[in-house]
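Colleague: Quick one: the structure is below, and I'll ask about it shortly.
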Amino acid sequence: MSASKAARVGEEIWKGRVDKVNAELVVLTYGTIVAQLCKDFDSDYVQVNKQLDKMGYNIGLRLIEDYLAKSNTMRRCSNFRETADMLAKVGFKIFLNITPTVTNWTSDNKQFSLVFEENPLADFVELPDDGRAQDELWYSNIFCGVLRGALEMVQMQVEAHFISDVLRGNDTTEMRVSLIRYIDDELPPEDD
Amino acid sequence: MSNLQAPRAGAKEPSGLRYPTNGKTIYHRPLNRAKAAELSGASFAYLFSEMVSYASKKIESIQDLEKRLNVQGHPIGLKLLDLLLYREPARSQTRPLNIITLLHFIKNNVWQHLFGQAADGLEKSSDPSKPDEYMIIDNEPLVNRYISVPRDMSQLNCAAYVAGIIEGVCDGSAFPARVTAHSVGKQEEGEMWPGRTVFLVKFAPEVMERENFLGKG
Amino acid sequence: MSYYFVIVGTEDNPLFEYEFGTSKAGGDGQARFPEQARHMNQFIVHSSLDIVEEVQWGTGQMYLKCVDRFYNNYVSCFLTGGNVKFMLLHQPPSSSVSSTSNPRSSTSTIATNPMSPQTEEAVRAFMLEIYESWVKTIMNPFYRVNMEVRSPIFRQRVAAAGRKYL
C-alpha cells in the first residue's frame, strides 16, 4: 500500500469505524499513570521509562488484532518501509488521531524516525522541575512499547526509543525505530 | 498561614526547565477548544486496563485495589473542577455553595465532559439515619465497558477510578467526602443494566454542619 | 498604585508572589511600597483570609472584589473552584488619596483609586487572565495540590496581565 493510500485508509477508518471518547479522558488518565509511576519509583525515571515501555508492550500485543480487524489488512506489509507508513498513517491515526511523519531512513531501510508534530498524550504536560526529569524521563515512552509489542505479533522484532522530546526542551519529538529481524513463523511469540 | 512569613528556601530560585526554541509551553496552548478533541475509545481502554493491572500488583484485597484506583482518579477531579468552571460562560461561572449544586455539577458537567452524557440518576439516601449520603447512578459506566474482570475478582468495580474523580471534585470544592463505587446490576431494578453502578458519596461531618448552618441563614 | 499579588493555597500557604506598580497614567510598573511597610503586605493579606472564608459561602462568584481594607491598603480576592485564593493588595500613593476627596469621582481612577468601579473591573480582568494561566498550571499531571509555582512563564503572564489591566 502506498503512503498516500495508507493516509486515506487511516482517515476513512477514523471517520467511520472508530468508537471515540473525549481526548481529555485519555490524556488525564495517561497523566495520572505517569505521575503515579514517578511517585511509586521515587522519581527513578529510568525505571519509570521501563515500566511505561512494559505497559506499552502489553498494549501492543493486544492492540494488533484490533488494528488488523479495522484496517482489513490481513496481508503482510511487503517491506519495512510499507510497515512504517502503515504504522504512522493508519495505526497512530486510528488510535490517537495523529499521523507522525516517517523520515530519516538509513540506507539499508532498516531504521527510520517517527516525528510527532502533535502528541495528544503530552497536552498540558510540563516535566518536573527537579533538574533530572528533562534529562531522564521519556514521558511518552509507552509508544515505544506499543510498537515493539504490536510488531512482534506480526513477526517483526523491532527496537524503539525516543531521541528527542519537546517536553525536554528539544525542538522536535522524535522516535527512532529499528528492525532487528523478521521472526520465523514456526514459533508463536512468547507471551509473558 | 504562619508559613507566609517563614523564609522559603528555593522560592526565588529560577526554574531550571528548558523550553523549545519556539518558546511554546503549556501556557501557550488555549484551554478552550472550539470542538472537543476525540481519541479512540480503544486507546482509553488499553491505558485503563494497564492502570488496573499495574494497580493489582501486591494488593492484599479488592478494597486495596479499589483504593488505589480511587487515588489515581482523585487528582483528575481536582483538575477538572477548575477546568470545567473556567470553560463555563461568565454568568454561570460560579462555585458550588451547597451539596445539591455540587452534585448537579458532577452529574451534569463532569459526566458530560468525561463520558459524553450526564449520569443517569442522582438520589439522596432514603435512610433517615444517613442524611450525609447521596448516590450518583450510572447504568453503564464507560470505564467498565471494555474491562473484563477476572472471576477471582468478581467483587471488583473498576469504576472506583471514577469514584476517585468524584471525590477529587468534592474535596477540591471544600465538600470533603468519601466516594465508593458499588455494582448493583444484579439487584431487581438493575436487571436491564447488568453494569449499573452506584457511586455512594458520603460527606464529612463538617460539610453537613455548614450545610445546616447556611440553610438556616 | 503599588500592588502585591499572592496566590494562597488551601492550607493558607503562599504558592506564588509578585510585586508590581501601575502601568496606567504614565506609571512605570514599579511597586513603590514604603520600605518600612513592605514587610506588612503579607500580614495584611493574611488577616484578610478570614474575611474571605466568611464571604465565600455567601456568594458563588469567583471574583469577590475588594474584601478588606487596612489603612491605605485594599485587598481584592478571586477564589478558584479548588479554593485557591488570588489575593491582590493595592496601595495608592499616599498623596493621591489625600487629594481625592470623593473616591468615586477621581479621573485617573485605576492608577490611583482602589475603590472605583473601573478599578473593580480592571482587577476582575486581571484575575481572570491569571485564572487561565492557573488552570494550565494545575492541569499538568505533575502538579500536586499546594505546590509552589516556579515557572518563569507563569510569572511573565502575571506581569503581562498587570501591565495590561492595572
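Laboratory data are not the source of any read-out in this text; all were calculated from the coordinates shown. Given the structure is predicted, the values throughout are model-derived calculations rather than measurements. All Cβ positions, even for glycine, are placed from backbone atoms using ideal geometry, and neighbour counts span all protein chains on display.
Colleague: Since A:D108 meets every condition but one in (1) buried (at least 17 other Cβ atoms within 10 Å of the Cβ); (2) not in a helix (DSSP H, G or I), which condition does it not meet?
Modeller: (1)
Colleague: Scan (1) under 19 Å from B:D82 (Cβ atoms); (2) crowded, with 20+ Cβ neighbours inside 10 Å for the single condition C:D68 breaks and write down its number.
Modeller: (1)
Colleague: So, one more: Residues that are more than 8 Å from every other protein chain (Cβ to nearest Cβ) and among the acidic types (D, E): list the helices (runs of 4 or more DSSP H) wholly contained in the stretch A:1-77 that include at least 2 such residues.
Modeller: On the way: elements: A:3-16, A:23-40, A:45-71.
In the stretch A:1-77, A:3-16, A:45-71 are the helices (runs of 4 or more DSSP H) which contain 2 or more residues that are more than 8 Å from every other protein chain (Cβ to nearest Cβ) and among the acidic types (D, E).
Colleague: Taking the stretch A:79-105 only, how many residues are of a type in the set (K, R) and crowded, with 20+ Cβ neighbours inside 10 Å?
Modeller: Count: 2.
Colleague: Within the bounds of the stretch C:118-137, is there any residue that is within 14 Å of chain A (Cβ to nearest Cβ) and of a type in the set (A, V, I, L, M)?
Modeller: yes
Colleague: So, one more: Looking at the stretch C:52-78, I want the residues that are touching a residue at least 60 places away in the same chain (Cβ under 8 Å) and have a partner that is not aliphatic (A, V, I, L, M) with Cβ atoms under 6 Å, at least 6 apart or on another chain. Which pairs are those?
Modeller: Correct list of pairs: C:M62/C:F78; C:Y63/C:F78; C:Y63/C:R124.
Colleague: Let me ask you something else. Taking strands (runs of 3 or more DSSP E) that fall entirely within the stretch B:105-217, which contain at least 2 residues that are surrounded by 18 or more Cβ atoms within 10 Å (Cβ to Cβ)?
Modeller: On the way: elements: B:121-124, B:133-138, B:177-183, B:197-203.
Result: B:133-138, B:177-183, B:197-203.
Colleague: While we're looking at this one, here's another question. Which of the residues that make up the stretch B:55-86 are more than 7 Å from every other protein chain (Cβ to nearest Cβ), assigned to a helix (DSSP H, G or I) and not charged (D, E, K, R)?
Modeller: If we filter the stretch B:55-86 for residues that are more than 7 Å from every other protein chain (Cβ to nearest Cβ), which is where we start, we get B:55-71, B:73-74, B:77, B:80, B:84.
Subsequent filtering for residues that are assigned to a helix (DSSP H, G or I) retains B:55, B:62-71, B:73-74, B:77, B:80, B:84.
B:A55, B:I62, B:Q63, B:L65, B:L69, B:N70, B:V71, B:G73, B:H74, B:G77, B:L80, B:L84, listed by residue number.
Colleague: Taking the stretch A:140-161 as the region of interest, how many residues are in a helix (DSSP H, G or I) and either of a type in the set (K, R) or under 12 Å from A:K54 (Cα atoms) (or both)?
Modeller: Residues flagged as in a helix (DSSP H, G or I) and either of a type in the set (K, R) or under 12 Å from A:K54 (Cα atoms) (or both) within the stretch A:140-161 amount to 8.
Colleague: Counting only residues that are polar (S, T, N, Q) and in a loop (DSSP other than H, G, I, E, B), which one in the stretch C:1-47 is nearest to B:P176 (Cα to Cα)?
Modeller: Within the stretch C:1-47, the match that is nearest to B:P176 (Cα to Cα) is C:T10.
Colleague: Does C:D68 qualify as being out of contact with any strand residue (DSSP E or B) (no Cβ under 7 Å at 6 or more places or on another chain) and more than 9 Å from chain B (Cβ to nearest Cβ)?
Modeller: no
Colleague: Also: Determine, yes or no, whether C:Y63 is more than 10 Å from chain B (Cβ to nearest Cβ) and within 27 Å of B:L97 (Cβ to Cβ).
Modeller: No: the conditions fail for C:Y63.
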